[in-house]
Amino acid sequence: MTQSQHPKLPSVLPSVPALQDVDTTPEQVNAGMARVTNPTETPIFICAMQNCSRLFPSRERLMAHRKRDHDTEDQDDIITWNE
């Protein structure tokens, strides 16, 4: 597979039976392994050009990616919750 190609997934994945978690303890669950975030704590900018869907921590990083990988400085097709 060349670097310019990304793996493709079908739009609908086949279902499989769920497996019971027998390793996680109640203490681990109660310790909280995740938390809710917000746009100021977790900036996300997604390149939506040509089905790219790469994530970046800032608009500047996304634009550098576009210039390098898409040979454009077009500011359309950006998905973010920060603006």
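The table below gives the values:
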item: Long-range neighbours under 9 Å by Cβ, at least six apart or interchain, first residue part of a helix (DSSP H, G or I) within segment 3-30, second at pLDDT below 75; result: none
item: Enumeration of residues in segment 10-63 that are closer than 29 Å to Asp77 by Cβ and acidic (Asp, Glu); result: Glu41, Glu60
item: Meets criteria (open to solvent by 100 Å² or more (accessible area, probe 1.4 Å) and part of a loop (DSSP other than H, G, I, E, B)) for Glu60; result: no
item: Lone unmet requirement of (1) on the phi < 0 side of the Ramachandran plot; (2) surrounded by 10 or more Cβ atoms within 10 Å (Cβ to Cβ) for Ser53; result: (1)
item: Yes/no for Ala34 being small (Gly, Ala, Ser) and part of a helix (DSSP H, G or I); result: no
item: Only one of Thr24, Thr40 that is over 16 Å from the mean Cα position of the chain (by Cα), β-branched (Val, Ile, Thr) and either open to solvent by 90 Å² or more (accessible area, probe 1.4 Å) or modelled with pLDDT of 90 or more (or both); result: Thr40
item: Candidate set from segment 63-83 (those that are outside any helix (DSSP H, G or I) and not acidic (Asp, Glu)); member that is farthest from the chain's Cα centre (by Cα); result: Thr72
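The values are calculated or read from the model by the stated rules, or taken from the named source; none is laboratory data. Since we're looking at a predicted model, the values are computed, not measured. Cβ: placed from backbone, ideal geometry, glycine included. Neighbour counts: every protein chain shown. Accessible surface is based on the protein model in full, side chains and every heavy atom, while ligands, DNA and RNA are left aside. Shrake-Rupley method; radii C 1.70, N 1.55, O 1.52, S 1.80 Å.
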